[in-house]
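Working notes, beginning with the structure itself.
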Amino acid sequence: MPAQIIDGNALSRQLRAEVASRAAALTARGHPPGLAVILVGADPASAVYVRNKVKACEDSGVRSVFEKYDADLSEAALLERIAALNADPAIHGILVQMPLPKHIDPHKVIEAISTEKDVDGYSVLSAGELMAGLPGFRPCTPYGCMKLIESTGQSLKGKHAVVIGRSNTVGKPMALLLLQANATVTVCHSGTPDLAYHTRQADVVVAAVGRQNTVRGDMLKPGAIVIDVGINRNEAGKLCGDVDFASAAEVAGWITPVPGGVGPMTITMLLVNTLEAAERRAGA
Ligand code: NAP
């Protein structure tokens, strides 16, 4: 039987409606939630991502402050701006769009954002909180993947999850979140000799590689939940994920499409984290 599609657009709409009602409640109490979005330089892809984030804020009643700087902005000036936003009580989340121009150290910038405003969850402290199981901001993409898995109604307890990819922003935090949900977790990477050996045993596969057709149907256990994080272009220039959707959907129980799966959830979880930050600040 073909897999059920996990609809990231539909789940996003539902979660954004909840964000909008929480934002309205905070605003009514005199604490309008605010997100600062900083873009340095003119990278066209970054400009699109930032525009989508700002629009998502507007649509959900979250105030956004968009600051755009030329590519020659100095690192010191950017750090100064972040310090000012850290001190601004009307700003609850700070997002600096990556990548930054080469002369700016991204680690310095991420670590300059105060932990209570680190709604991207990229700082070392946020990563440490996740590792230690403490409350804190979870990186938006893996957090969104967890919501997509939850939406299937399947418990992760005792399940075997295979994460393909070990980046600091997706693979590693994904593995930790799955572990926290009591899954048994295997992390695969470019040095894993036989990927299919692992994925065939998996009840849940999360592919975060950036290479099309990394996972095919014959590499899956029947009924598995398949979450495709990858964003690639195929030979025809069409957007596709890391999973060969057609063959995987014949074997999996549930699968996310690309586009319309993980993508919309990433921005949604940024809104969720910003709301959480604003509610904490307001003492809600
Ligand atoms: P990344 O930093 O490049 O990491 C890719 C990971 O894949 C690395 O850990 C790498 O292993 C592993 N890998 C590469 N080739 C492999 C192979 N043949 N078999 C197994 N593992 C392999 O990428 P990322 O930032 O995590 O992003 C991954 C993908 O997700 C990209 O397509 C990105 O565009 C997409 N993405 C989507 C969203 C969204 O909102 N939908 C958000 C973030 C990222 P090594 O560590 O050994 O090099």
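The values are calculated or read from the model by the stated rules, or taken from the named source; none is laboratory data. These figures come from a predicted structure and were not determined experimentally. Cβ coordinates were reconstructed from backbone atoms using ideal geometry, including for glycine residues, and neighbour counts include every protein chain displayed.
For Gly283, the conditions (1) touching a Pro at 6+ places or on another chain (Cβ under 9 Å); (2) away from the ligand (no atom under 13 Å from the Cβ) all hold with the exception of (1).
Do we have Gly158 as loosely packed, with under 15 Cβ neighbours inside 10 Å, more than 17 Å from Ala208 (Cα to Cα) and either assigned by TED's automatic domain parsing to the domain that holds Val258 or touching a strand residue (DSSP E or B) at 6+ places or on another chain (Cβ under 7 Å) (or both) here? Don't jump to the end; show me each part of the working.
Working: loosely packed, with under 15 Cβ neighbours inside 10 Å: yes; more than 17 Å from Ala208 (Cα to Cα): yes; either assigned by TED's automatic domain parsing to the domain that holds Val258 or touching a strand residue (DSSP E or B) at 6+ places or on another chain (Cβ under 7 Å) (or both): yes.
In short, yes.
Among the residues of segment 155-185, those identified as under 29 Å from Pro106 (Cα atoms), in contact (Cβ under 8 Å) with a residue 24 or more places away in the chain and more than 11 Å from the ligand (Cβ to nearest atom) are Leu176, Leu177, Leu178, Gln180. The residue that is surrounded by the most Cβ atoms within 10 Å (Cβ to Cβ), among those in segment 165-185 that are over 14 Å from the mean Cα position of the chain (by Cα) and β-branched (Val, Ile, Thr), is Val185.
Across segment 99-119, what is the total count of residues that are in a helix (DSSP H, G or I), acidic (Asp, Glu) and within 17 Å of Pro33 (Cα to Cα)?
The initial filter retains those residues of segment 99-119 that are in a helix (DSSP H, G or I), namely 106-112, 115-117.
Of the ones still in play, those that are also acidic (Asp, Glu) are 111, 116.
Subset that is within 17 Å of Pro33 (Cα to Cα): 116.
Total meeting the criteria: 1.
Filtering segment 50-103 to residues that are in contact with a Pro (Cβ under 6 Å, 6 or more places away or on another chain), surrounded by fewer than 20 Cβ atoms within 10 Å (Cβ to Cβ) and over 22 Å from Ala277 (Cβ atoms) leaves only Ala71. Within segment 223-274, the set of residues being within 9 Å of the ligand (Cβ to nearest atom), more than 12 Å from the chain's Cα centre (by Cα) and of a type in the set (Val, Ile, Thr) comprises Ile231, Val258.
Among the conditions (1) buried (at least 19 other Cβ atoms within 10 Å of the Cβ); (2) more than 28 Å from Gly93 (Cα to Cα), the only one that Ala196 does not satisfy is (1). Looking across segment 16-69, just one residue is of a type in the set (Ser, Thr, Tyr) and in contact with a Cys (Cβ under 8 Å, 6 or more places away or on another chain), and that is Ser64. Quick check, is Thr152 away from the ligand (no atom under 16 Å from the Cβ), touching a Phe, Trp or Tyr at 6+ places or on another chain (Cβ under 7 Å), in a loop (DSSP other than H, G, I, E, B) and in contact (Cβ under 8 Å) with a residue 12 or more places away in the chain? So Thr152 passes the test.
Looking at Gly223, Gly253, Gly263 in this structure, which one is surrounded by fewer than 16 Cβ atoms within 10 Å (Cβ to Cβ) and either closer than 20 Å to Glu150 by Cβ or among the hydroxyl-bearing types (Ser, Thr, Tyr) (or both)?
Residue meeting the stated conditions: Gly223.
Scanning segment 35-79 for residues that are closer than 25 Å to Arg280 by Cα and charged (D, E, K, R) gives Lys53, Lys55, Glu58, Asp59, Arg63, Glu67.
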